[in-house]
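Nothing in this text is a laboratory measurement; each read-out follows from the coordinates by a stated rule. Nothing here was measured: the structure is a model prediction, and the numbers come from that model. All Cβ positions, glycine included, derive from the backbone under ideal geometry; neighbour counts span all protein chains shown.
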Amino acid sequence: MQAMMEKRAKELLADGTVNRVLGWSAGEFPYDITPAVFETAKELEDAFVYNDFCAANLSKYLVKESRKEGKILVFLKPCDTYSFNQLLAEHRILRENIYVIGVPCYGKADVEKLKAMGIEGITGIVMQNGTYTVETVYGDQTVKAADAMAERCLSCKSKKHVVYDELLGDEGEVDADCNRFDMVEKLEAMTPDERFAFWRGELSRCIRCNACRNVCPACTCEQCVFDNPNSGVSQKAAVTSFEENLFHIIRAFHVAGRCTDCGECSRVCPQHIPLHLLNRKFIKDINEFYGDYQAGADPEAKPPLGTYDKADREAGEGGRH
Amino acid sequence: MQVNEYKPKIVAFCCNWCSYAGADGAGSARLAYPAEVKIIRVPCSCRVNPMFILRAFQRGADGVIIAGCHPGDCHYTSGNYFTRRRMALLFSMLDYLGIERERTRVEWISAAEGAKFSKTMSEFAATVASLGENKRLEDLRCKQ
């Protein structure tokens, strides 16, 4: 797949369709792959990669990139195309400056899972036929790809691209029963005290690095409410529990109805806070209260919080909210 | 002898066109409502953003109630419908985080419903009083 993508990118650069390529670039270690913009065939040859560690959702970079001169080629995985559509619906990206190539994704790997298996000092990873041969300074180890798969990919909602100009590889399917709300349901079944204890345990680890906000393709405000010195938020870690609650409630609320559930927030969290559980709660509630809605599936769809129905339920109605 | 009886602090966001006038109506009709209820007038119930509610709790409120026009009666045609959706989601999220669901409420009170205003506020104050102080959304920096 990587060779195919590189070849196609070079062709499009050569014939002038695009003047830049937004893709993934190899890092110092085999697992720290970062998004990058490539301008020449040489740069592509040197650093372009696509493998199971290319987890980053590239759609948010288009907010800035699509406003630059010339057309940009972007590679999008199925879940990234939802974010792309959502940004399009919000007029945050300029479609005419973007050439989208859909690339297949069979689930991304999480290096933390490898580390949890006790694998340390990784120098190289060979990915083949569903197994990873992890080369470490202590010798090679073989791991099944399924065992190292990121949590978010275990409950993947869709392997189907919702938008593209061109598709490389096979098209997948939308998975209606991906069980992505299992953990939310488990939490809902707890008593309020248990839930409070659970969230204190998670949110109190927050170091307020803002990585979740910065990576989120739905968080694209030029000026963020949390950057306002008059907002009553001090932007510091562990000041009081209120600060943590406020930040996480408001962050999740501001993307409610717009979050495509790409899972980037939890992926980038250095403290491993399951932030997607907050977003998924809103998605689940919206589905239950106002009918099934998948942000980004249809850029023409009305956003659930930007519309209303006269027969809507009252706030706080029902056995549980 | 002084008795330190616990009185909850309650913030009521009242829409200018209905509920605020409803509070006025309660006053004109000599209908009592608890003095702990502090009214903040907003142009429309949908002016209340989730941050207002959280910050009210931060600054020491034990309960927050939003009062607006009845659905269909909004001065701006549809503001309260948006309030209803937003608050349904926000309250559900607060509950999900383990924060007592009874501390927040939305109520539709028209300008003619002084009696409903007085009754709602008394009821809400009693509910909040039974929950006690707001501990789960308190901000220690704001404690005196």
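Please report A:M117, A:M149, B:M93 as a ranked list, fewest other C-beta atoms within 10 angstrom at the top and most at the bottom.
Values: A:M117 13, A:M149 18, B:M93 21.
Ranking A:M117, A:M149, B:M93 by Cβ neighbours within 10 Å, fewest first, gives A:M117, A:M149, B:M93.
How much FRET efficiency would the formula 1/(1 + (r/R0)^6) give for A:H272 and B:R30, where r is the Cβ-Cβ distance and R0 is 41 Å, rounded to 0.05? Don't skip to the end; give the middle numbers.
Values: r = 59 Å, r/R0 = 1.43.
Rounded to the nearest 0.05, the efficiency is 0.10.
For region A:91-144, what is the convex hull volume of its Cα atoms per residue in Å³? Please list the in-between numbers first.
Values: hull volume 7.6 nm³, N = 54.
Enclosed volume per residue, from the Cα hull, is 140 Å³.
Using the count of nearby Cβ atoms within 10 Å as a rough guide to exposure, how do B:S92, B:S78, B:S110, B:S45 rank from fewest to most? Spell out each step's value before the answer.
On the way: B:S92 23, B:S78 15, B:S110 19, B:S45 30.
Neighbour counts put them in this order, fewest first: B:S78, B:S110, B:S92, B:S45.
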Scattering curve values for the protein assembly as shown, log₁₀ I(q)/I(0), Debye with Cα scatterers, q = 0.09, 0.10 Å⁻¹ = -0.68, -0.81
Distance in nm between label sites at A:T133 and B:C142, each 7 Å beyond Cα in the beta-carbon direction?
-> 6.0 nm
Seen from all sides and averaged, what is the projected area of the convex hull of the Cα atoms in chain B, in nm²?
-> 9.1 nm²
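Go ahead and run the numbers for FRET between B:D73 and B:N49, Cβ-Cβ distance against an R0 of 35 Å, rounding to 0.05. Please list the in-between numbers first.
Details: r = 22 Å, r/R0 = 0.62.
According to the calculation, E is roughly 0.95.
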Cα to Cα, under 28 Å, and not fewer than 8 places away if on the same chain: which lysines meet these conditions relative to B:K135?
-> A:K186, A:K236, A:K281, A:K284, B:K7, B:K9, B:K38, B:K119, B:K143
Round to the nearest 10 and give me the degree value, 0 to 90, for the angle of helix A:276-290's Cα axis relative to the longest principal axis of chain A.
-> 60 degrees
In degrees, nearest 10, the alpha-carbon axis of helix A:2-14 is tilted away from the dominant principal axis of the alpha carbons of chain A by 80 degrees
Could you tell me the distance between the Cα centroids of region B:55-71 and region B:25-51, to the nearest Å?
-> 9 Å
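At 20 angstrom or more along the helix axis (alpha-carbon based) and mean Kyte-Doolittle of -1.0 or higher, what helices does chain B contain? Whole DSSP H runs only. Numbers along the way, then the final one.
Numbers: long enough: B:79-96 (26 Å, -0.13); B:114-131 (26 Å, 0.40).
In chain B, the long hydrophobic H runs are B:79-96, B:114-131.
Mind running the shape call on region A:182-306? Use the C-alpha gyration tensor, a ≥ b ≥ c as the square roots of the eigenvalues: rounded below 1.5 for a/c, prolate if a/b tops b/c, oblate otherwise. Intermediate values should be presented prior to the final figure.
Working: a/c = 1.83, a/b = 1.18, b/c = 1.55.
Since a/c reaches 1.5 but b/c is at least a/b, the shape of region A:182-306 is classed as oblate.
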Along each principal axis, Cα extent of region A:138-191, largest first, Å = 48, 44, 14
For A:T34 and A:K236, FRET efficiency with R0 = 22 Å and r from the beta-carbon atoms, rounded to 0.05?
-> 0.20
Expressed in nanometres to one decimal, the distance between label points 7 Å along Cα→Cβ at A:K160 and A:N97 is 3.2 nm
Angle in degrees between helix A:241-254 and the longest Cα principal axis of chain A, rounded to the nearest 10 | 70 degrees
Reduced to Cα centres, the span from region A:1-80 to region A:254-277 in Å works out to 23 Å
Taking A:K302, A:K157 and counting other beta carbon atoms within 10 angstrom, the fewest-first order is A:K302, A:K157
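If you wrap a convex hull around the alpha carbons of region B:88-137, what volume per residue comes out, as a whole number of Å³?
73 Å³
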Could I have the simple spin-label model distance between A:I207 and A:D292, label points 7 Å from Cα toward Cβ, reported in nm to one decimal?
-> 4.1 nm
